[in-house]
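In what follows, a structure is listed as structure tokens, so that the remarks can point back to it.
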Amino acid sequence: MTPAVGSEGRRPLLAIAHGESSVSAMKVAEAAEPVCDLVWLVDSRELTEPLMLRFLRKLGTTIDTAEMSEDDAAAALRACHPDGIIAFAEYLIPTASAMASRLGLEYHDAAVTRRLVDKFEQRQALQNGGLPVPRFVVVPPHPTPDDVEKLAADVSFPVVLKPRRGAGSRDTVLVDDAEQLRVVLCEASTGADEPMIVEEFLVGESTSTGPDFADYLSVESVVSAGTISHVAVTGRFPPAEPFRETGLFIPSDIDQCLTQHVLDVATQAISALGIRIGFLHTEIKLTPSGPKIIEVNGRLGGSVPEMAALALGINLFELSLRVAVGEHVVFDRLPATKGVGYLLSPHSPQWARKVVSVDGLDRLGDYPGVKTIFLNRKPGDDIDWRKGSHEYVFSVIGAARDHAGLLAVKKFVDEEVTVTYA
């Protein structure tokens, strides 16, 4: 790594576009201690915790943009003289991009940002870059019966209907035929008025991962000074219907040959999107015709840093901050692993509307290798599968000696932790 130095020889200052669904501010602040000072860019109107703004002020300079225009926010940030900027949540990437453009900071530019946050723009860029992508069609606003007929004629079923913008499989459904497409589009038109996209479902090939693991994975990558390198290949457990993440782990269990193929596809995708800086999380489906891109995310993957710390002994939060302030971070090869770091996050059945009880987490806490348990939905809380992967009931992060040990803890969770729903 080539250390960065702030302007006039001072300690580097990094701007964080922060919000309600961003990563823990404390984790970021702890990672920043050996790297840089922080300035938080936050809109207090979206914070559900009234004391959060006061807490952020203890962790660094804080700019509350609630009553500011974009010009005012840029002026306030410019006065702090930041050396870089970063966002850890999908919806905050445009904010960071706009500030970076105004202040001349290295980050995703406007074109790259559109490709990262808009699934239609991303598919087009990947296709233009020569990567195989499923057929995709934009759903017009308030589609008429004729619109639906045209959509159905332009794709082959089954298809996936999802928002053009969004993360965590929110409002993402599998559609088997034209009649079901008519029904779900009618339901969607009565809800939130947001652009949607229909794309053909990628049929997986599970022989590479075996029956216990999913037929898709992700590549965790970094682009530093224009150089693309990779940190890990992350495996998955089969999702809860329709596409909700139930668990992931580092390293994946695929063989060396397939690993290299997957890394090559991720490199091609990152290049096609024109990304010049930052950590990335690229989801890839293993298909009979080879690995294919599901999507590229322009930030660290959720919970990936925690698993990387356990499996690789690497602090990805710290490295992401180093890259953002201008340090050169490159991996010549995938770092060696020391066991398997995992996250398990069970979901409710689709019919469930409320969590009644959760039993067995105390026993799970005593299981060897378990580090952290988080109850995301308490007894009495409403639950809605349409909100996607972030609507999990509880999560457990830990380390296992190998993939057999990983399956053992998964079996323990399935048998010993009981969630009751209404």
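DSSP bridge analysis restricted to the chain gives an antiparallel fraction near 80%, rounded to the nearest 5.
Over the stretch 229-280, the hull volume per residue, using the convex hull of the C-alpha atoms, is 106 Å³.
Candidates 132, 22, 181 compared by Cα position along the dipole of the chain: farthest toward the positive end lies 22, with charges placed on Cβ.
Straight Cα distances below 27 angstrom link residue 285 to the lysines 119, 162, 338, 387, 410, 411, with same-chain residues fewer than 8 positions distant left out.
Enumerate the calculated ³J(HN,Hα) couplings along the stretch 218-233 in order (Karplus 6.51 cos²θ - 1.76 cosθ + 1.60, θ = phi - 60°), each rounded to whole Hz, writing x wherever the residue is Gly or Pro. Couplings: 9, 10, 9, 10, 9, 10, 9, 6, x, 9, 8, 9, 10, 9, 6, 10 Hz.
The order of the peptides 238-248, 79-89 by mean Cβ neighbours within 10 Å, most packed first, is 79-89, 238-248. Quick note on the chain: its Rg to Rh ratio, both from C-alpha atoms and Rh being the Kirkwood radius, is 0.95.
Calculated [222 nm] ellipticity per residue, helices only, for the chain: -9000 deg cm²/dmol; basis is -39500 (n - 2.57) per DSSP H run with n ≥ 4, divided by all residues, nearest 500.
Kirkwood radius, the stretch 350-422, all distinct C-alpha pairs, inverse of mean reciprocal distance: 13.1 Å.
Rounded to the nearest whole Hz, the Karplus-based 3J(HN,Hα) values (6.51 cos²θ - 1.76 cosθ + 1.60, θ = phi - 60°) of the stretch 376-385 follow the sequence 8, 10, 7, x, x, 6, 6, 9, 8, 4, with x at glycine and proline. Grab the other residues whose beta carbon is less than 14 angstrom from that of residue 395, score K and R as +1, D and E as -1, and report the net. Result for the local shell: +2. Charges were assigned to the Cβ only: +1 to each Lys and Arg, -1 to each Asp and Glu. The resulting dipole of the stretch 97-245 about its Cα centre is roughly 580 debye.
By accessible area, using a 1.4 Å probe on protein heavy atoms only, the chain has 51% of its surface on carbon and sulfur.
Gyration tensor over the Cα atoms of the stretch 256-396: the corresponding equivalent ellipsoid has semi-axes (square roots of 5 times the eigenvalues, largest first) of 32, 20, 16 Å. Across the chain, the mean sequence separation of Cα contacts (distance under 8 Å, 6 or more residues apart), normalised by length, yields a relative contact order of 15 percent. Over the stretch 60-177, what is the mean sequence separation of C-alpha contacts under 8 Å (at least six apart), divided by residue count, expressed as relative contact order in percent? For the stretch 60-177, the relative contact order is 16 percent. In the distance distribution for the stretch 362-403, Cα-Cα pairs more than 13 Å apart total 61 percent. Among the helices of the chain, those built from whole DSSP H runs whose Cα atoms reach 18 Å or more along their own axis and whose mean Kyte-Doolittle hydropathy is at least 0.5 are 256-273. Once the gyration tensor of the Cα atoms in the stretch 33-105 is diagonalised, the equivalent ellipsoid follows with semi-axes of 18, 16, 12 Å, ordered largest first. Based on every Cα atom in the stretch 312-361, Rg and the maximum pairwise Cα distance Dmax equal 19.1, 50 Å.
Compactness ratio for the stretch 264-347: Cα radius of gyration over 2.2 N^0.38 Å (N = residue count) comes to 1.19.
Normalised by residue number, the volume inside the convex hull of the Cα atoms of the stretch 173-312 is 138 Å³ per residue. Taking the stretch 97-236, how much of its Cα-Cα pair set, in percent, is spaced more than 22 angstrom apart? I get 51 percent for the Cα pairs in the stretch 97-236 exceeding 22 Å. Solvent exposure of the stretch 4-148 amounts to 48 Å² per residue of accessible area, where only protein heavy atoms count and the probe is 1.4 Å. Other residues whose C-beta falls under 11 angstrom from the C-beta of residue 31 contribute a net charge of -1, scoring Lys and Arg +1 and Asp and Glu -1. When Rg and Dmax are taken over the Cα atoms of the stretch 1-142, they come to 17.3, 56 Å.
The values are calculated or read from the model by the stated rules, or taken from the named source; none is laboratory data. Bear in mind that the values here come from a model prediction, so they are computed numbers and not experimental data. Because the Cβ atoms are built from the backbone with ideal geometry, glycine has one as well, and the counts that use them run over all protein chains shown. Ligands, DNA and RNA are stripped out before the accessible areas are found, and what is left, the full protein with its side chains, is counted by its heavy atoms. Shrake-Rupley method; radii C 1.70, N 1.55, O 1.52, S 1.80 Å.
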